Amino acid sequence: MDPHSKEVVLITGCSAGGIGHALARAFAANNCHVVATSRSRSSMSDLENDPRFFLQELDVLSEDSVRHALSNVMEKYGQIDVLVNNAGVQCVAPLAEIPLSALQHTFNTNVYGPIRLVQAVVPHMASRRKGKIVNIGSVTVMAPGPWAGAYSASKAALHALTDTLRLELRPFGIDVINVVPGAIRTNIAISAMANYNWMPEWNLYKPFEAAIRERAHLSQGFKSTPSDVFAKKTVAVVLKKNPPAWFSSGQYSTIMAIMNHLPLFIRDFVIRIAMKC
């Protein structure tokens, strides 16, 4: 079979246990060549011997790493049809006391990382007048609450950039899709707590310590949507000939959409009760 007869999908952040890993499997199940990337190949070791996957180490914080990985992909396949910007980090901390380095790292990963990939891939897609860029946002943007302001703000920035990219890239035949997950069952709480444990001891917010820690686990309740279910629905939408500009799925996605349209005083009241602040 001609390797170019299948769509080539590059996904960032494919470590086992995350949304990217589930998306990689779902795209592969839909007869795509999947370039699964992560900062470490060992985090994707279960995909290593499956010919549907081409594993690449890629750090979204490094332009050199992005260039090197994309060069390898072009050498192997000669094309990239779909870019999925999934790599991201959670950051739980009160904004008045968060170390600026943690805030900067969150934006560098969740905002500048996707733009590095976009700028690297767009010239190729524009030359073919064909391509899709999928940015993975978050429902927290719909009704930002306390303790995860850095994460919500970074995803809000990504949503805004996605809206702009959709308009700017349309003349070149490139579709841009904002995928907005709800509460999806992944290992994000583990990484969120690992990051949180590096935070300093709070001063003003010491009495809220338990509530802040609880925020790291918020999306991982027993009703959260399994990642494979979310991935299957998302891939079906992305692979449509004319995909929608916005797709949201998963636990809390409907509730958060409603919250987005509530008067602020009502939204704030609901969030204060829910988040114990």
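What to note about this one:
- Pairwise label distance in nanometres, Asn242 with Phe265, each label 7 Å out on the Cα-Cβ vector: 4.4 nm
- Only beta bridges with both residues in segment 3-275 are counted; by DSSP, about 5 percent of them are antiparallel.
- Interchain or long-range residues, amide H under 5 Å from Ile177's placed H: Ile133, Val134, Asn135
- Per-residue ³J(HN,Hα) for segment 204-210, Karplus 6.51 cos²θ - 1.76 cosθ + 1.60, θ = phi - 60°, Hz, x for Gly and Pro: 4, 9, 4, x, 9, 3, 5
- Rounded to the nearest 20, the size of the Cβ-charge dipole of segment 3-275 about its Cα centre is 780 debye, with Lys and Arg at +1 and Asp and Glu at -1.
- Taking Lys and Arg as +1 and Asp and Glu as -1, the other residues whose beta-carbon sits under 13 Å from that of Leu239 total +3.
- As a proxy for reagent exposure, ranking Leu204, Leu218, Leu95, Leu117 by other Cβ atoms within 10 Å from fewest up yields Leu204, Leu95, Leu218, Leu117.
- Placing pseudo-labels 7 Å out from each Cα toward the beta carbon at Lys76 and Ile115 gives an inter-label distance of 2.9 nm.
- Among 147-153, 222-228, sorting by the average number of other beta carbon atoms lying within 10 angstrom of each residue, highest first, gives 147-153, 222-228.
- Within the shell defined by Cβ-Cβ distances under 10 Å, the residues around Cys32 carry a net charge of 0, with Lys and Arg each +1 and Asp and Glu each -1.
- For the chain, the longest site-free run once GluC sites (Glu not before Pro) in DSSP loop states with at most 15 other Cβ atoms within 10 Å are removed: 98-200
- Note that segment 3-275 carries a Kirkwood radius of 19.1 Å, evaluated over its alpha carbons pair by pair.
- With a cut-off of 12 Å between beta carbons, the residues surrounding Val9 carry a summed charge of +2, where Lys and Arg count +1 and Asp and Glu -1.
A short reminder: the numbers here are calculations on the coordinates, not readings from a lab. This one's a predicted model, so the numbers in the text were calculated from it and none came from an experiment. Cβ: placed from backbone, ideal geometry, glycine included. Neighbour counts: every protein chain shown.
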